[in-house]
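**Q** The structure's right below; bear with me while I get my questions together.
Values quoted throughout were computed directly from the atomic coordinates according to the rules given, and no laboratory measurement underlies them. As the structure is a computational prediction, the values presented were derived from the model and not from experiment. Note that each Cβ is placed from the backbone with ideal geometry, even for glycine, and that neighbours are counted across all protein chains shown.
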Amino acid sequence: MNLPANKLVFVGGMGAGKTTAIRAISDIEPVSTEMPLSQDAQDEKVETTVALDYSSIELDDGELLHIYGVPGQRYLDFMWPMVCEGALGIIVLVNAAGQQRVSSTIELLQEFSRIAPDASLAVGLTRTDQHGEVLIPQFRQALFAAGFRLPVMRVDARDPAQVTFLVRSLLSYRYAGGH
Ligand SMILES: Nc1nc2c(ncn2[C@@H]2O[C@H](COP(=O)(O)OP(=O)(O)OP(=O)(O)O)[C@@H](O)[C@H]2O)c(=O)[nH]1
Ligand SMILES: [Mg+2]
């Protein structure tokens, strides 16, 4: 099978901003598999990914990056290994409003380290504009204490510049010798 050389995947819980981030940085019309959310409890969120997101972006000097997203909902986690196959990078998006942010992030990092052992990881914390009480140094320190040395930063998934910066950070980290 021919796998894309530069493949990056956005992962994370439902509503973390994966589909939004991919749409924000897309050079092409993204492929998405959104379905209406049946329950209306999720504030402004009315759709959820049921299979995957796909798009591509051109970085420096024409370097093409294939960007995928997984569904956040647990019952669809059988899609995760399929979508992550051959990925060089995995970005875990974490909703700052979520419960047990630290433990659920560590769980996801452990899970995706198993699913894609050769991928580099990075973490983006979304919705900190609404939840300014979540502090990056503490969050980063907790992940570090759990053994994860990786880029950790705030990101507004709606903002192309911030999402691109996170992508570039992951690539820089990987090629600077981080895993
Ligand atoms: N205010 C604010 N809203 C954000 C931010 N990041 C993402 N959002 C919003 O959060 C929602 C995220 O929805 P999606 O992008 O569909 O989330 P997802 O991770 O793809 O979710 P699933 O596909 O259901 O797993 C969207 O309404 C975004 O506009 C942020 O930093 N600040
Ligand atoms: Mg989605």
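**Q** Report the antiparallel proportion of the DSSP beta bridges in the chain as a percent, rounded to a multiple of 5.
**A** Roughly 35 percent of the beta bridges in the chain run antiparallel, per DSSP.
**Q** Using a Gaussian network model of the chain with C-alpha springs under 10 Å, which one of Gly12, Gly147, Gly124 is most mobile by mean-square fluctuation?
**A** Of the options given, Gly147 has the highest mean-square fluctuation.
**Q** For a label point 7 Å from the Cα of Arg168 along Cα→C-beta, name the residues of region 48-72 whose backbone N is under 16 Å from it.
**A** Within reach of a label on Arg168, which here means backbone N under 16 Å from a point 7 Å along Cα→Cβ, region 48-72 contributes 57-65.
**Q** Counting only DSSP beta bridges with both residues in region 1-90, tell me the antiparallel percent, nearest 5.
**A** Taking every DSSP beta bridge within region 1-90, about 60 percent pair in antiparallel fashion.
**Q** Count neighbours as other Cβ atoms within 10 Å of each site's Cβ, and list the GluC sites (Glu not before Pro) in region 97-137 that are DSSP loop with at most 15 such neighbours.
**A** Answer in residue order: Glu133.
**Q** Let me check against my output: what whole-number percent is the relative contact order of region 7-175, with C-alpha pairs under 8 Å and at least 6 apart?
**A** Value for region 7-175: 24 percent.
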